[in-house]
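*Asks:* There's a structure below that I have some questions on.
What follows is calculated from the coordinates using simple rules that are stated; it is not laboratory data. All values reported here derive from a predicted model rather than from experimental measurement. Here Cβ is always computed from backbone atoms with ideal geometry, including for glycine, and neighbour counts include all displayed protein chains.
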Amino acid sequence: MNQANKHYEAAFKLDVARMVVDQGLNVVQVVNGMKIGRTAVRRWVGQYRAEQWGKPGIGKPPLPDCNASANRRRRAGN
């Protein structure tokens, strides 16, 4: 059975990506706990990681707030 395409808000995607990258949860834990697709979560994590390194990532424009928080972290370290 096909599932209808779901739309997730950018802030939600960012929160999910941070769960994996910043909090250390694995993708399977997040997928099972939040009932969202594994491919989507992996894509969001890849986008988040790319943006942390100052790269454009793939697909749609950057997640909101990601570059701003990365810039703040860099400045705090200098």
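*Asks:* What is the spin-label model distance, in nm, from V28 to R49 if the labels are put 7 Å beyond Cα along the C-beta direction?
*Replies:* Going from the V28 label point to the R49 one covers 1.8 nm.
*Asks:* Please list 3J(HN,Hα) in residue order for the range 46-52, calculated via the Karplus relation 6.51 cos²θ - 1.76 cosθ + 1.60 where θ = phi - 60°; whole Hz, with x for glycine and proline.
*Replies:* Ordered by residue, 3J(HN,Hα) equals x, 5, 4, 5, 4, 5, 5 Hz.
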